[in-house]
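The values are calculated or read from the model by the stated rules, or taken from the named source; none is laboratory data. Since we're looking at a predicted model, the values are computed, not measured. Cβ placement follows ideal geometry from the backbone for every residue including glycine, while neighbour counts extend to all protein chains displayed. All accessible areas refer to the heavy atoms of the entire protein, side chains included, with ligands and DNA or RNA removed. Shrake-Rupley method; radii C 1.70, N 1.55, O 1.52, S 1.80 Å.
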Amino acid sequence: MNQNAVVVTNLEKRFGRFVAVNRVSFEVARGEVFGFLGPNGAGKSTTIRMLCGILAPSGGRGTVAGFDVRTQPEQIKANIGYMSQKFSLYQDLTVEENIDFFSGIYRLPREKKRERKDWVIEMAGLSGHRHSLAAVLSGGWKQRLALGCAILHEPPIIFLDEPTSGVDPISRRQFWDLIYDLSGRGVTVFVTTHYMDEAEYCNRLGLIYRGELIALGTPHELKVELATTTEAAGNAVVSDAARQSPPTPSALPTLEDVFVARIEAHDRMEQPEAEVQR
Amino acid sequence: MNLRRVSAVARKEVLHVVRDYRSLLMALATPAFLLTLFGYALTLDVDDVPMVVWDQSQTARSRELISRFASSHGNGPRYFSIRGYVSRYADVEKAIDRREAMMGLVVPRDFAQRIDAGRDAPVQLIVDGSDSNTATIAIGYADVVTQIYALDLTIEQNQRRGMPPLAIPLDVRPRVWFNEDLESRNFIIPGLIAVIMMVIAAMLTSLTIAREWERGTMEQLISTPVKPGELILGKLVPYFAIGMCDVLIAVLMSEFVFHVPLRGNVALLFGMSAIFLTGALAMGLLVSIVTKSQLLSSQVAVLTTFLPGFLLSGFIFTIANMPQAIRMVTYLISARYFVTILKGIYLKGVGLEILATEALFLIFYAAVMVVLARVKLKKKLT
Ligand SMILES: Nc1ncnc2c1ncn2[C@@H]1O[C@H](COP(=O)(O)OP(=O)(O)O)[C@@H](O)[C@H]1O
Ligand SMILES: [Mg+2]
């Protein structure tokens, strides 16, 4: 069995002539918390959807839990939990009814069903709200309930698409505690975000920008890499943000510096091409 | 196909329906409402035609004729109701213009003299032709009323002359003409049930899948191992139950409100309704699956059921009288078969031995719709 939970090679998605995901390649090891970072419209959701088997790729290859994203989407779906960017539980159903529905869909055995339901309700801190409609829950509660429903069947890999966007900082913190907890039990977590502080929590990061993967590595690797390239280039690439706290050999740049530098470098490479086209 | 998943989907769908109790009420009240509305409005019978009378003759003879217009025939409804007497043409015209009357009866001055002299005694009927259908029927009524009077006069005169009573070879009873027990309602209601069921069924399911796409819950659903067939079956079950309640309401109403005689087998009636309903519900689902938008889906569902249901099912317009091309199209309308079946069961009391072909078509249609919905429901985003 492959050691990698996710393997992607030159994966591509085009919508008409628009390239939303441009031949990205990366791997996610089992048990890893892999952060997929990028600004809005970069192609994060599109990538995650292809990996979940709900969007057909236009090109390239990918496997999730050893199954091919093109030919075995249904096998993938039995082995993953997916939490989409938009809250996607039933607002007119109560907390318990939502959980019951998904445990029916995942065919949990009767005993397991009770146990998992209690676990989700406890994990999400919803003990006092079992019979509240999902619609009336606060953002943090909704997100934790959605996570709970997506992992009722204890999948080995979970995909979370901007799970903490629009949630207060305390809830975000709690959510990340949950992610660590799951990761500690060997679950592979693939999470997209555009928060820099969340990027720091990930074991490994991929930076996607305009459909292209422009950086890949652990947070530490990425920072060290920037520090060395900037030294070599005489600080030429360092952004304004970085200049305010000039790097000393001991203090590494922040992840934000890394991404700004990468994006600027990418844009500089694109620019001449654009000029030529005009 | 896993029954636990089907039941999970069905339960969830029931919860949606229960939570949205207004639409549940709508689903149950709509057939009753439509049946009442069309049951009364679509009656092809005309009664209580308002009329004014200008009696220039003012004799026993003329009053006798007028009283025959005013009186009801047998225990049926009245065909005319006299709204007033006038003494000028201008007033007849005014009454018709103001829609106080549809008809003016003018009995000429020499009416009685002519009758007593055994001559022709014409009366004048002025009819508002702006509703030509009602006008034609009203003229027909007036024609019969005057002819019966003429017949009675002839008999009376013969008796007075000591001749033997006229032997009338044909006993033409006007009752048949007059449609005294409102037979057109008996004819319309069974067909109406079919059309209403078709519209309601498609409306019920046309929103379900589109709603999931619009709310984003479909993206979650398609990321689970649930199979399209399980989703479709699970979504059909609760609406099937509601649809059968609608059938029951319609059958009870036609029995107790409209007093349409049900001559055939009740079990067959419900069995056929179940098959028809399945096809109509699946067709609503199909529309929902293809459009992915609640607004578009409900519009398409109503358009594709209401118009063909009314125009091409043979419910009002006889299919045999349609042009060849349109007649071919009616074979594609499932309501056509259901209308035939319902009319057969209701009016003729016939069973499967006669209706087998129609029943097979309904089964075929339902199967095609379910399979199409199953094929079109893709667990993919586009
Ligand atoms: N179904 C679609 N049709 C056309 N364009 C799309 C579709 N889905 C996404 N896109 C486009 O692809 C790009 C990437 O979108 P997305 O993956 O949602 O970005 P992110 O999740 O990183 O914000 C965006 O420019 C978006 O407008
Ligand atoms: Mg996104």
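Only helices (runs of 4 or more DSSP H) whose full extent lies in segment B:43-150 are considered here, and the ones with at least 1 residues that are open to solvent by less than 50 Å² (accessible area, probe 1.4 Å) and touching a helix residue (DSSP H, G or I) at 6+ places or on another chain (Cβ under 9 Å) are B:60-70, B:111-116. Out of all the residues in segment B:338-358, is one or more surrounded by fewer than 18 Cβ atoms within 10 Å (Cβ to Cβ), away from ligand 1 (no atom under 16 Å from the Cβ), among the basic types (Lys, Arg) and within 24 Å of the chain's Cα centre (by Cα)? Checking segment B:338-358: at least one residue is surrounded by fewer than 18 Cβ atoms within 10 Å (Cβ to Cβ), away from ligand 1 (no atom under 16 Å from the Cβ), among the basic types (Lys, Arg) and within 24 Å of the chain's Cα centre (by Cα).
Yes/no matrix, rows are residues, columns are (1) more than 8 Å from chain B (Cβ to nearest Cβ); (2) open to solvent by less than 20 Å² (accessible area, probe 1.4 Å); (3) within 20 Å of A:Glu198 (Cα to Cα):
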| site | (1), (2), (3) |
| --- | --- |
| A:Phe34 | yes, yes, yes |
| A:Leu37 | yes, yes, yes |
| A:Ile54 | no, yes, no |
| A:Ser88 | no, yes, no |
| A:Glu97 | no, no, no |
| A:Gly104 | no, yes, no |
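Can you pull out the residues in segment A:76-86 that are surrounded by fewer than 22 Cβ atoms within 10 Å (Cβ to Cβ) and either facing chain B (nearest Cβ under 7 Å) or in contact with a helix residue (DSSP H, G or I) (Cβ under 6 Å, 6 or more places away or on another chain) (or both)? Full working, then the answer.
Initial filter on segment A:76-86 (surrounded by fewer than 22 Cβ atoms within 10 Å (Cβ to Cβ)): A:78-79, A:85-86.
A:Ala78, A:Gln85, A:Lys86 - these are the residues of segment A:76-86 that are surrounded by fewer than 22 Cβ atoms within 10 Å (Cβ to Cβ) and either facing chain B (nearest Cβ under 7 Å) or in contact with a helix residue (DSSP H, G or I) (Cβ under 6 Å, 6 or more places away or on another chain) (or both).
When A:Phe18 is tested against (1) within 16 Å of ligand 1 (Cβ to nearest atom); (2) at the interface with another protein chain (Cβ under 8 Å from one of its Cβ atoms); (3) without any contact (Cβ under 8 Å) to a residue 24 or more places away in the chain, only condition (2) is not met.
Can A:Asn10 be described as surrounded by fewer than 23 Cβ atoms within 10 Å (Cβ to Cβ) and within 16 Å of ligand 2 (Cβ to nearest atom)? Steps first, answer last, please.
Details: surrounded by fewer than 23 Cβ atoms within 10 Å (Cβ to Cβ): yes; within 16 Å of ligand 2 (Cβ to nearest atom): no.
Here the answer is no, as A:Asn10 does not meet what is asked.
Does segment A:85-99 contain any residue that is assigned to a strand (DSSP E or B) and polar (S, T, N, Q)? Walk me through how you get there before you give the answer.
First pass over segment A:85-99, keeping only residues assigned to a strand (DSSP E or B): A:94.
Restricting the remaining residues to those that are polar (S, T, N, Q) gives A:94.
Yes; the residues of segment A:85-99 include at least one that is assigned to a strand (DSSP E or B) and polar (S, T, N, Q).
Once segment A:21-32 is narrowed to residues that are in a strand (DSSP E or B), open to solvent by less than 30 Å² (accessible area, probe 1.4 Å) and more than 14 Å from chain B (Cβ to nearest Cβ), the residue that is farthest from ligand 1 (Cβ to nearest atom) is A:Val28. Determine whether segment B:362-371 contains at least one residue that is open to solvent by 30 Å² or more (accessible area, probe 1.4 Å), assigned to a loop (DSSP other than H, G, I, E, B), more than 14 Å from chain A (Cβ to nearest Cβ) and touching a residue at least 24 places away in the same chain (Cβ under 8 Å). Checking segment B:362-371: not a single residue is open to solvent by 30 Å² or more (accessible area, probe 1.4 Å), assigned to a loop (DSSP other than H, G, I, E, B), more than 14 Å from chain A (Cβ to nearest Cβ) and touching a residue at least 24 places away in the same chain (Cβ under 8 Å).
Exactly one residue out of B:Ala320, B:Ala267, B:Ala280 is among the small types (Gly, Ala, Ser) and in contact (Cβ under 8 Å) with a residue 24 or more places away in the chain: that is B:Ala280. Within segment B:203-220, residues that are within 10 Å of chain A (Cβ to nearest Cβ) have Cβ atoms under 6 Å from residues that are in a helix (DSSP H, G or I) and of a type in the set (Asp, Glu) in these pairs: B:Met218/B:Glu212, counting only partners at least 6 apart in sequence or on another chain.
Mind listing just one residue for me: the one in segment A:157-171 that is among the hydroxyl-bearing types (Ser, Thr, Tyr) and without any contact (Cβ under 8 Å) to a residue 40 or more places away in the chain and, of those, nearest to ligand 1 (Cβ to nearest atom)? Explain how you work it out, then say what you get.
Step one: filter segment A:157-171 for residues among the hydroxyl-bearing types (Ser, Thr, Tyr), giving A:164-165, A:171.
When the remaining residues are screened for being without any contact (Cβ under 8 Å) to a residue 40 or more places away in the chain, the result is A:164, A:171.
Numbers: A:Thr164: 14, A:Ser171: 21 Å.
Filtering first and then ranking leaves A:Thr164.
The residues on offer are A:Gly41, A:Gly125, and the sole one that is outside any helix (DSSP H, G or I) and within 16 Å of ligand 2 (Cβ to nearest atom) is A:Gly41.
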